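The structure appears below as structure tokens.
The values are calculated or read from the model by the stated rules, or taken from the named source; none is laboratory data. Every value quoted in this text rests on a predicted model; they were computed, and no experiment measured them. Neighbour counts are summed over all protein chains in view; Cβ atoms, including those assigned to glycine, are modelled from backbone coordinates with ideal geometry.
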Amino acid sequence: MKQIKICPDCDTEYFPHIEQCADCGSDLLTPEDNLKLQDNRRQCREKTLENPVVIRDGDLKWMDQLFNVLINSGIPCLVTSDAGCNKSCCGSTYQLVVSQEDGERAKERIEDYYAEVDPELRASNEMKDQGKCPACGHSVGADAVECSDCGLTLIIIDS
């Protein structure tokens, strides 16, 4: 009898000839490889962070997604929260924290993840870096707030 394969993310079992999970798209592993991966993930989650730094903040769902991206990449991290005020008018904010030594590697992995999720983002950033509007290709200045040709907002200014 041939060995099964397991999705490392959702634990779904598959026949051995199947390579990717139909539910989440992850590459399937043998049971032995899955156990090794799960052990590595557990060790990564339990590692104490030296000189912790916040690299992202946002809502819990997004921070949890980035947490899993970093853990799956072997970068120890944790999600912390700021409880907000006691009047229930301010929502909690969440921070993704890594050790200072892993900060750059974590930021690079998150940028790669953004490009995986939204491939057009990398192309848009490259055009912007070349001084061109990502929407129409018209030349724009480095300090331009919007494209003079198509009107695309290039910079979002927080008020």
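Values computed for the structure shown
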item	result
Residues of the stretch 34-50 satisfying the condition of being without any contact (Cβ under 8 Å) to a residue 12 or more places away in the chain and among the acidic types (D, E)	D39, E46
Matching entry among C44, C90, C21, C85 (being modelled with pLDDT of 90 or more and either out of contact with any His (no Cβ under 8 Å at 6 or more places or on another chain) or not small (G, A, S) (or both))	C21
Residue that is farthest from the chain's Cα centre (by Cα) [pool: residues in the stretch 42-61 that are in a helix (DSSP H, G or I) and under 19 Å from S92 (Cβ atoms)]	L60
Unmet requirement for Q38, which otherwise passes all of (1) closer than 16 Å to N68 by Cβ; (2) part of a loop (DSSP other than H, G, I, E, B)	(2)
Only listed residue being aliphatic (A, V, I, L, M), modelled with pLDDT under 90 and not in a loop (DSSP other than H, G, I, E, B), chosen from A106, A115, A144	A115
Given (1) closer than 28 Å to E101 by Cα; (2) under 16 Å from the mean Cα position of the chain (by Cα); (3) surrounded by fewer than 14 Cβ atoms within 10 Å (Cβ to Cβ), index of the condition N72 fails	(3)
Check on R105, surrounded by 12 or more Cβ atoms within 10 Å (Cβ to Cβ), in contact (Cβ under 8 Å) with a residue 40 or more places away in the chain and among the charged types (D, E, K, R)	no
Any hit, the stretch 59-77, residues being farther than 23 Å from S26 by Cβ and not charged (D, E, K, R)	no
Residues that are more than 19 Å from I71 (Cβ to Cβ) and either within 22 Å of the chain's Cα centre (by Cα) or in a helix (DSSP H, G or I) (or both), drawn from the stretch 13-27	Q20, A22, D23
Any hit, the stretch 50-61, residues being of a type in the set (K, R), outside the structural domain of D9 (by TED's automatic domain parsing), surrounded by 13 or more Cβ atoms within 10 Å (Cβ to Cβ) and modelled with pLDDT of 85 or more	yes
Any chance A123 is touching a Pro at 6+ places or on another chain (Cβ under 8 Å) and exposed (fewer than 15 other Cβ atoms within 10 Å of the Cβ)	yes
The stretch 91-102, residues that are surrounded by fewer than 17 Cβ atoms within 10 Å (Cβ to Cβ) and more than 20 Å from L60 (Cα to Cα)	Q100, E101
Condition broken by L152, with the remaining ones in (1) over 30 Å from Q38 (Cβ atoms); (2) surrounded by 13 or more Cβ atoms within 10 Å (Cβ to Cβ); (3) modelled with pLDDT of 90 or more satisfied	(3)
